[in-house]
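Okay, so here's the structure we're looking at.
Just so it is clear, none of the values below were taken in a lab; they were calculated from the coordinates. This is a predicted model, so every value here is computed, not measured. Neighbour counts run over all protein chains shown; Cβ positions are idealised from the backbone, glycine included.
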Amino acid sequence: MSQEKLALTASMNPAFLGHLERGEKSPTVTTLEKITSALDISLGDLFSDDIHLEETDARSTNYNRIRMMLDELSDDDVDAISDIIMNIIRLKKNP
């Protein structure tokens with residue numbers, strides 16, 4: 001993946017991503033989460049010595065995507081979404 005495509009997919013400034021790549025800047029955890037989400041890998045995969053991109057755990061990828069979406073919402077919105085998810089799970093367990 002090109003640096004520009006990664007920056008676009010991660011909703012980041014391409015110049016900033018270039019600074020990260022060259023070691024001129026240090027990423028925050030939030031920035032690392034954006035990058036790993038764009039790459040469809042987990043933060044653990046990013047730091048793992050034994051990574052196989054083609055074998056990325058889909059559940060972990062989905063968790064990361066959901067976490068990033070929730071990070072952008074207010075606490076009240078996150079609470080409401082949590083209630084919705086809990087109700088869906090109850091319905092699935094008790095059809």
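HN-Hα J couplings of the range 82-90 from phi, Karplus 6.51/-1.76/1.60, θ = phi - 60°, integer Hz, Gly and Pro as x?
4, 4, 4, 5, 4, 5, 4, 5, 4
At 0.36 nm per residue, and after removing the present C-alpha to C-alpha distance, how many nm does the segment from residue 76 to residue 92 gain when stretched out fully?
On the way: separation 16, 0.36 × 16 = 5.76 nm, distance 2.46 nm.
Result: 3.3 nm gained on full extension.
How much FRET efficiency would the formula 1/(1 + (r/R0)^6) give for residue 15 and residue 84, where r is the Cβ-Cβ distance and R0 is 41 Å, rounded to 0.05?
Working: r = 39 Å, r/R0 = 0.94.
Step by step, r from the Cβ atoms, then E = 0.60.
How high is the relative contact order of the chain, in percent, counting Cα pairs under 8 Å that sit 6 or more residues apart? Present the calculation step by step, with values, prior to reporting the outcome.
Working: 45 pairs, mean separation 17.4, N = 95.
Dividing the mean separation by the residue count of the chain yields 18 percent.
Could you point to the label whose value was computed as semi-axes √(5λ) of the Cα gyration tensor in Å for the structure here, given (i) 30, 17, 10; (ii) 26, 16, 12; (iii) 19, 16, 11?
(i)
Name the lysines eligible as straight-distance cross-link partners of residue 5: C-alpha to C-alpha under 17 Å, and not fewer than 8 places from it in the same chain.
Within the straight-line cut-off, residue 5 pairs with 34.
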